[in-house]
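Engineer: Quick one: the structure is below, and I'll ask about it shortly.
The values are calculated or read from the model by the stated rules, or taken from the named source; none is laboratory data. None of the values given here were measured: they were computed from a predicted structure. Cβ atoms come from the backbone with ideal geometry, glycine included; neighbour counts cover every protein chain shown. In case anyone asks, the SASA skips ligands and DNA or RNA and just uses the protein heavy atoms, side chains included. Shrake-Rupley method; radii C 1.70, N 1.55, O 1.52, S 1.80 Å.
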Amino acid sequence: MSWDQLTPLLWEAAGQTAYMVLITLLVGGFLGLALGLGLYLTRPGNLLGNRVVFAVLNLAVNVVRPIPFIIFLVALGPLTRAVIGSTIGIEAFTFAMCFMATFVFARLVEQNLVSIDPGVVEAARAMGASPFRIVRTVLVPEALAPLILGYTFLFVGVLDMSAIGGYLGAGGLGDFAIVHGYRQYDWAVTAVVVLIIVVIVQAVQWLGNGLARRALRR
């Protein structure tokens, strides 16, 4: 196929990738932040220390996070069908991505919060601040720069996950590179897709690093 024919297909694939990645970052990022805060707050001895709740949340993250995504897609099939109504298509694939991203980001959030100086939290508690206020005025601001970098890392991971969207009929840049590049022995098509992905990742990494530096100077 000529580039006149491929260009509209490339734009369509880029739109599919953008849809999957943006929805996953919004939903998975928000739920992952909430779950990560839950992990940190319910740790024994913390603001809302609860061994049972922490053990359940920690086990859930430990079980889901290490599963290779392609296997996770299959394992999540029954739940995906129950929620989305199908296991094939961009909505089903995005649902699975949101699910995995939530648990991946939750661990990143927890690790960044654990690194905060406990003395800062204790000082806020001594002044009578509520747990919600401590989260809003102490924990999140103190961990903001690492959280931004963690979110940047999540973006790269989500973009990687979107590359196998073709397996569930979700399309995307990865599917375009395989169908119109690899299978057609057209290495120029594959090279163009790789270049696009590299440029996107570099731009997001540059933006994330810049925002993290600004957060550190506050």
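Engineer: Pick from MET100, MET127, MET20: which residue has the top mean-square fluctuation in a GNM of the chain where Cα pairs under 10 Å get a spring?
Structural biologist: Of MET100, MET127, MET20, the Gaussian network model singles out MET127 as fluctuating most.
Engineer: Treat the range 95-218 as a sphere of radius equal to its Kirkwood radius over Cα pairs and apply Stokes-Einstein at 25 °C in a medium of 0.890 mPa s; give the translational diffusion coefficient in µm²/s, rounded to a whole number.
Structural biologist: 144 µm²/s
Engineer: Using the Cβ atoms and a cut-off under 14 Å, what net charge is assigned to the surroundings of GLN16, where Lys and Arg are +1 and Asp and Glu are -1? Mind dumping the intermediate values first?
Structural biologist: Values: positive: none; negative: GLU12, GLU91, ASP175.
Its environment carries a net charge of -3.
Engineer: Moving on. Run the accessible area of the range 170-218 with a 1.4 Å probe and give the carbon-and-sulfur part as a rounded percent. If you can, show how the numbers build up before the last one.
Structural biologist: Details: 2140 of 3330 Å².
For the range 170-218, the apolar C and S fraction of the accessible surface comes to 64 percent.
Engineer: Continuing with the same structure: If we count every other residue with Cβ under 13 angstrom of GLY49's Cβ, Lys/Arg +1 and Asp/Glu -1, where does the sum land?
Structural biologist: +3
Engineer: Something else about it: What whole-number value in Å² describes the accessible area per residue of the chain for a 1.4 Å probe?
Structural biologist: Per residue, the chain has 55 Å² of solvent-accessible surface.
Engineer: Next question, about the same structure. Multiply the residue separation of VAL120 and GLN5 by 0.36 nm, subtract the distance between their alpha-carbon atoms, and state the gained length in nm to one decimal.
Structural biologist: Length gained between VAL120 and GLN5: 35.5 nm.
Engineer: Hey, another quick one. Using helices alone, what [θ] at 222 nm do you get for the chain, with -39,500 (n - 2.57) per DSSP H run of 4 or more residues, divided over all residues and rounded to the nearest 500?
Structural biologist: Theoretical 222 nm ellipticity from helices: -24500 deg cm²/dmol.
Engineer: Name the most mobile residue of ALA123, ALA18, ALA163, meaning the one with the largest mean-square fluctuation, in a Gaussian network model of the chain with Cα contacts below 10 Å.
Structural biologist: The residue with the greatest mean-square fluctuation here is ALA123.
Engineer: Full-extension gain between GLN202 and ASN62, please, as 0.36 nm times their residue separation minus the C-alpha to C-alpha distance.
Structural biologist: On the way: separation 140, 0.36 × 140 = 50.40 nm, distance 2.97 nm.
Between GLN202 and ASN62, full extension yields 47.4 nm more.
Engineer: Then there's this: With a Förster radius of 22 Å, plug the Cβ-Cβ distance of TRP187 and VAL156 into 1/(1 + (r/R0)^6) and report the FRET value to the nearest 0.05.
Structural biologist: 0.40
Engineer: GNM, the chain, Cα, under 10 Å: largest mean-square fluctuation among ARG136, ARG107, ARG43?
Structural biologist: Maximum fluctuation in the GNM of the chain, among the listed residues, is at ARG136.
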